[in-house]
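The structure appears below as C-alpha cells.
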Amino acid sequence: MPRLRIAWVMTYVALLAMALYNLLPFFWMVSSSLKTDIEVTTFPATLLPRALTFEAYHRIWAQEGFLQYFVNSLKVSGATALLSATLGVFAAYGFSRFDFRGKRALMLAFLASQMLPGVLLVGPYFKMLSLANLFDTHFGLILAQTTITLPFSVWMLKGYIDTLPVEIDQAAMIDGASRWQCLFYCVLPNILPGLVATMIFAFLLAWGDLLWALCLINTPEKQTMTLGITNLVGQFRVLWSDVMAATVIGCMIPAALYLMLQRYLVQGVAGSSVKG
Amino acid sequence: MIGERYTGWWFVGPAGLVMALILGFPAIAAVLGSVNLGWGSTKPFGIDSYLRLWGDAEFRQSLWNTAIFVVSVVSLHFLLGMSVALLLDRPLRMRWLFRVIAILPWTMPDVIGGIIFRFIFDTLYGGINALGLAIGWIDQPVDWLGRPGLALLSVILAEAWRGYPYVMLILLAGLQAVPREQYEAAKMDGAGAWQTFVYVTLPNLRTMIVIALVLDTVWECRLFGMIFGMTGGGPGQATQNLTLLVYRHYFQFFDTAYASSIAVVLAAILLVAAMPYLRVAIRRAE
Amino acid sequence: MVRIDVLWRTAARRAVMAICAAALALPAAAQTTITYSDWQLAQEGWGKSLRAAIAEFEKENPDIKVKAEPVPLGQRDVRFSTAIRAGEGPDVFALDTNPIRQYVAEGWVRDLAPFITAAGGRTFLADFYPNSLVPVTVDGKVYGIPMNTVAMALVYNKKLFDEVGIAAPPKTWDEFREVSKKLTRSSTGSGPVDRWAFTVVLAPAGFDLRVSSIFRAFGADFLTPDWKRSALDTPEAKAAFNFIIDMIVVDKTIPPGVSQVDANGARRMLANQQIAMKIGTTWSFPEVSAMNPQLDGLNVLKIAPMPQQPGSKNPIHTTLYQKSLFINKNAKNPEAAWKLIKFLTDRPQMERWFDDNAMLSSRRSVNESYSKIKQSVPASVVANEIQYGAFLPLIPQWPQVLEVIRQNLQAAVAGSKTREQALADANKEVNVILERK
C-alpha cells in the first residue's frame, strides 16, 4: 500500500539524516587525522587531506604508547562497568521490590552524591586511597570510578525493574523460589536491554573520566586513554592530527563493544510473560 | 508486593556500603569545608563564603549560564533521543549499523569532546568554517568561540550532539518493554501514528522518560570537560558554568572554602528542583 | 671435648663474620628512590634532555634512583595539590613563578636553609641573579632554587619583513602599528587576507607573560609596585589596553578567533607564517622551527627587545619567566632530593639546558661567560633584557587577579562590554580581591 511505503521511505530518510548528523564531526576528525601537522593548521582549512599521511597514527602508536593506554582504559572501564552493574542490580532490586525505612532518603542520597562536583571529592578520596596503599593502582581507580557510575546505574536499573509487574515475582515465589532466584531467573532476563544499556553507560562514563585518572594515577604506563589524549594538548605543543587519530581509535573501541552488545537491546519476553 | 523489610536492606547493602565508604566521607568533608570546618582550615565556623556568594556577580552569571545551557541541552537531547529511539525500535534492514552510528557521538568522552569541538569550531583551522566557506554559506571566518552569544550556542550544539545518545539509549531500552499487544490493539482501533505515540508509547515510557530527564539534567549541570575544553568559560564569562567556577576557585585560586560553598549551593538547587520528579520515580510505576 | 669447643668457637666466629658482612653489605644494597615531577618531562626536547641529566645523576649517585613523572602543565597544580594535601606527592618538583606563593602559604614546600648553608650559604646563592631569588624567597626563607630565567621579547620573521620592505623591527608602539598594517595582506595578492602581523594570547595558557609584557612596554603594569592596588587606572594602562583592542577590532592586523589563541596557538601561527611577529623568548626558536621545518626558523626568525612607548621613565619594560625546583614538605628523603636539585642547577647542567633547549640559566656566570650563549644572537639579546624585566606579582591572590584581567580583556574584545566598562570593572574587581583576606 502506498501509505506504508511512504512511511518506510520517510523512516529511512530520517535515519540517513541521523547518520549524517552523527557522522559529520567524525568525518572531520578522520580527515584531520590523515593530514600532516602543517596542513591541519593551514588557513583556509581544507576539507579533505591534500597530502594523505598516516604519520599521526604511527606517532601515537610508536611514540606515545597509546596501545598501553587503550588496554588500561579497557581494563579499568570494563571492570568498573561490571562492578557497578553487579552492585547496581542488587540495589535496584532492593529499591524496587521492597519498602523499608530510609529507602527514600537512601535513594536521594545516591542521587545527591552526583550533584557534588568531583572536584571536591578527589582530595579526600585521594587521602583515603593513599592510607589504604591503593594510590597509583588501577584497583583504586576502579573503585573511584564505580562511585561515579553506581548511583546513575542504580536509578536506571530501578526504573527498568519497575516496569516489570510484581506479579512475576509473586508467581515465582508461589512456586517456591527465593528472592535471589526471583532476581536471577525472572527479573534479570527480562530487563536485559536495560542492563545492557546501563553497562554501556557505566563503561562510557569510566572511559571518559579525566579528573580521577589524573589525580589517582602517576605512572605514565598506567595512564588511561583519556588522560593520554589530554596530554597531547599541552602548552608547548598541540599535535592536532595526533589528537584526532587517538580520539578516532578511542571512540571506535566502545563502538565495537556496543556493536557486540546491541543485539540484546531487543524486545524481551516481558510483555508476554504475565499472561498464562 | 512489599517484601520483608530486612531482606531489602541486604540487597541494597553492598552498593550502599561502597558509596558510603568511598563517597560519604569526602562529601561530608566538602560540605563542612564550605563553612570553614574542612580539614586544614584555620578559620572558625562561618557562613562568610555563602555571604560572599550572594554578592558575587560572577556567581550569578555562572548560575544564569548553567540554567540556559542545561535547559537547552536537555530539551534537545530529549527531542533527538526520543525521535531516534522510535526510529530504531522498528524492524529495519541493517539495523545494527544504524544503532552503532546512533551511539557514536556518546563514545566521545566529554573532556575529549571539548578538545575536539574546540578544533572544529576554531576560527582559522576549524571544520565548520572550512565547510561554510567551501559551500559559500559564509564569506569570512566566523569567530564561533569568541563572540559571547555564538560561544554559548556552540557549546550547546556541541553537547547536544554528544550527549543525546544517552537519552536515546535509555528510551530505546524502555521501548523494548512496551507490550506489543497494546500496539496491535491500537492499530485495530484505527489509531494513527501520532495517537499511538501519545496513548500507547508515552504512558508506558513515563517512568523511563522522567528518569532519563532527571539524570540528564543532573549530568549536564555538572558538565565540565566539554565547556572547559572548548572555551574555558570565555569569552569573558559568557560560557562559564557553576562547575567551572568551582574548579577555578578550588584548583586555580586555592580557595577551597569558597569552592565548596558554590558546589553545595549547586547541589541544593538541583535537589530542590528535582524533588517533585524524584517522588514519581521513587514510587514504583503503576 | 676440645674438638667440640673448637667447633663451637669456629661456628661462632663464622656467624659473627657473616653478620658483619651482612651489616656492611646493607648500606650498599639500601637504595633510595625519589620522584621528580616536571611538565617539561612531557615535552620532546626537554624530556630527553632532563632524562639524560637524570641518568648522569644516577651514575654519580648509585644509591639514589630517580623516578621521572611527567605531568601536563595545565593539570600540574590539580595533581600536585591533591597529592600533597593528602601527605604524598613527588619529592622534587618544578614550578613557574605563578603559584609559588600559594604553595608556600599552604606549607607544601620545604625551607632549604640547612641545605644552602651546607652548600656555601651566601656564596652559593651569589651566583644566581638577585632578581631570580625574589620569587623563591618568602620572609627571608629560600624555598626553591631557580633553574632557568628568561625575559619576554619580540620574535619576528625576517623573511616576511623583507617581503613587504620593512628593514628593522619596530622600536616604538606607533611604529609597531604601522608595520603591522603593512604586514597584513593576502599572500596571493587578490584573495582574502591570510597573512597577519601579530597575535595576542587571550586564552589562559600563556596570557600572563605575554600580555603583561605589552603593558610593561607601555610603561604600565597590572598592579602597583607594592602589589597592593590595581594600576589599571593609569593613563599608560589605558593606552596599552586600547592598543590591544584597536589592533584586533579596528586595524584587524590580528587573525580572527583571537580569544582562543594560547601560547601554543601563537607559535603555530608563526610557524605557518600566518603571523609575522609574536611575543616570545629563546624557547620560541626551537619550538617554532620544529613545528614547520620548511620555515627554516633558525635562520629566518629574529628577536628584538619589546617596542617601547617614547618618554617612558620606567626602566622595566618586560616580564621575566622562571622555572625553579622545590622539595616537597612530605619528602621522605630530603637529602637525596637536595642532591638532585643541586645537580640540576649546577653549571654543567645549565650549559646542557642551553645546548639542548635554548634556555638561559638563572646563574649569572653561565649567561655571561658560556661561549655558546655569547655566540647566539637571540640568547644574548634575551640575556641582556633580563635586567629590564620584572616578575609578575608574587602574591597568593595573583591567579585570581590575573583571571579577572584576562576575562575583562576578552569581554572587551568580544564586545560584550565596552572598553571603558571592561577596564573599570577589572580595576574595581582587582582591588576588591586585593582588599580581601
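The values are calculated or read from the model by the stated rules, or taken from the named source; none is laboratory data. Predicted, not measured: the structure shown is a model, and the values here were computed from it. Note that we place each Cβ from the backbone using ideal geometry, even for glycine, and neighbour counts take in every protein chain shown. Note: accessible area is taken over every heavy atom of the protein model, side chains too, but ligands, DNA and RNA are not part of it. Shrake-Rupley method; radii C 1.70, N 1.55, O 1.52, S 1.80 Å.
Worth a mention:
- Computed helical MRE - 222 nm, chain B, DSSP H runs ≥ 4 contributing -39500 (n - 2.57), nearest 500: -21500 deg cm²/dmol
- For the protein assembly as shown, the fraction of 1.4 Å probe accessible surface lying on carbon and sulfur atoms is 64 percent.
- Helical contribution to [θ] at 222 nm, DSSP H n ≥ 4, -39,500 (n - 2.57), averaged over chain A, rounded to 500: -22500 deg cm²/dmol
- Dipole orientation for the range A:148-252: of the candidates A:Val248, A:Thr230, A:Leu192, A:Thr230 has the Cα lying most toward the positive pole (charges on Cβ; Lys, Arg +1; Asp, Glu -1).
- What separates the Cα centres of the range C:128-207 and the range A:167-233 is a distance of 51 Å.
- Exposure ranking of B:Asp48, C:Asp425 by accessible area [1.4 Å probe, largest first]: B:Asp48, C:Asp425
- Vicinal HN-Hα couplings computed from phi for the range B:265-272 (Karplus, 6.51 cos²θ - 1.76 cosθ + 1.60; Hz; Gly/Pro x): 4, 4, 4, 5, 4, 4, 4, 4
- Pair-distance profile P(r), taking every C-alpha pair of the range B:57-285, with 5 angstrom steps and integer %: 1, 6, 12, 15, 15, 15, 12, 9, 7, 5, 2, 1, 0, 0
- Residues in the range C:256-284 that, when all protein chains are in place, have 50 Å² or more less accessible area than the chain alone would give (probe 1.4 Å): C:Pro256, C:Gln260, C:Asn264, C:Arg268, C:Gln274
- Long-range amide H partners of C:Phe128 with built H, under 5 Å: C:Arg364
- Cross-link partners of C:Lys59 among lysines (Cα-Cα below 22 Å; sequence separation of 8 or more within a chain): C:Lys48, C:Lys67, C:Lys332, C:Lys339, C:Lys342
- Residue-averaged [θ]222 nm for chain C, counting only DSSP H segments that reach four residues, each worth -39500 (n - 2.57): -14500 deg cm²/dmol
- Here the dipole of the range B:57-285 is about 600 debye; that uses its Cα centre as origin and unit charges on the Cβ of Lys and Arg (positive) and Asp and Glu (negative).
- With both labels modelled 7 Å from their Cα along Cα-to-Cβ, the A:Gln68 to B:Arg180 distance reads 5.2 nm.
- Förster-model FRET efficiency, 41 Å R0, A:Ala255 and C:Arg185, C-beta, rounded to 0.05: 0.35
- Amide H contacts for C:Ser37 (H built 1.01 Å from N in the peptide plane; partners 5 or more residues away or on another chain; cut-off under 5 Å): C:Glu69, C:Val92, C:Phe93, C:Ala94.
- Relative contact order for the range B:57-285, counting Cα pairs under 8 Å that sit 6 or more residues apart, in percent: 30 percent
- Accessible area of C:Asp226 in the full protein assembly, 1.4 Å probe (Å², nearest 10): 90 Å²
- GNM top mover of C:Ser362, C:Ser376, C:Ser49 - chain C, alpha-carbon springs below 10 Å: C:Ser376
- Remark: the range B:211-216, residue by residue, has Karplus-estimated 3J(HN,Hα) of 4, 4, 5, 4, 4, 5 Hz, where x stands for each Gly or Pro and the curve is 6.51 cos²θ - 1.76 cosθ + 1.60 at θ = phi - 60°.
- Based on Cα contacts under 8 Å between residues 6+ apart, the range C:362-437 shows a relative contact order of 22 percent.
- Here the label points at B:Tyr277 and C:Val164, each 7 Å from Cα along the C-beta direction, are separated by 5.4 nm in the simple model.
- Remark: chain B carries 41 Å² of accessible area per residue (probe radius 1.4 Å; ligands, DNA and RNA excluded).
- One Cα centroid belongs to the range C:284-315, the other to the range C:327-360; the line between them spans 28 Å.
- Summarising the label geometry, the points placed 7 Å from Cα in the beta-carbon direction at C:Asp251 and A:Ala177 lie 7.8 nm from one another.
- Paramagnetic label reach from C:Ala105 (point 7 Å along Cα→Cβ; backbone nitrogen cut-off under 17 Å): within the range C:190-234, residues C:223-224, C:226-230.
- A Förster distance of 25 Å, applied to the separation of the beta-carbon atoms of C:Gln294 and A:Leu52, puts the FRET efficiency at 0.85.
- Pairwise FRET efficiency - B:Arg52 versus C:Ser369, Cβ, R0 = 45 Å, nearest 0.05: 0.25
- C-alpha center-to-center spacing [the range B:243-264, the range B:52-111] in angstrom: 26 Å
- Computed from backbone phi, the HN-Hα couplings of the range A:213-220 come to 4, 5, 7, 9, 10, 10, 6, x Hz, rounded to whole numbers (Karplus: 6.51 cos²θ - 1.76 cosθ + 1.60, θ = phi - 60°; Gly and Pro given as x).
- Among A:Cys182, A:Ala7, A:Gly123 the positive-end extreme of the charge dipole of chain A (Cβ point charges): A:Ala7
- Chain A shape via C-alpha gyration tensor axes, a/c threshold 1.5: oblate
- Solvent exposure of chain C, expressed per residue, is 40 Å² of accessible area, with all protein chains present and a 1.4 angstrom probe.
- The dipole here belongs to chain A: it is taken about the Cα centre, uses +1 on the Cβ of Lys and Arg and -1 on the Cβ of Asp and Glu, and is about 520 debye.
- Descending Cα extents along the principal axes, the protein assembly as shown, whole Å: 114, 96, 57
- Contour minus Cα-Cα distance for C:Asn61 and C:Phe124 (0.36 nm per residue): 20.6 nm
- Using a 1.4 angstrom probe on protein heavy atoms only, the contact between A and C buries about 2500 square angstrom of accessible area, both sides summed.
- Close amide-amide hydrogen proximity is noted between B:Gly234 and B:Thr239, each under 5 Å apart and 5 or more residues distant or on a separate chain (H modeled in the peptide plane; Pro and chain starts excluded).
- Relative contact order computed over chain A (Cα-Cα under 8 Å; 6+ residues apart), in percent: 30 percent
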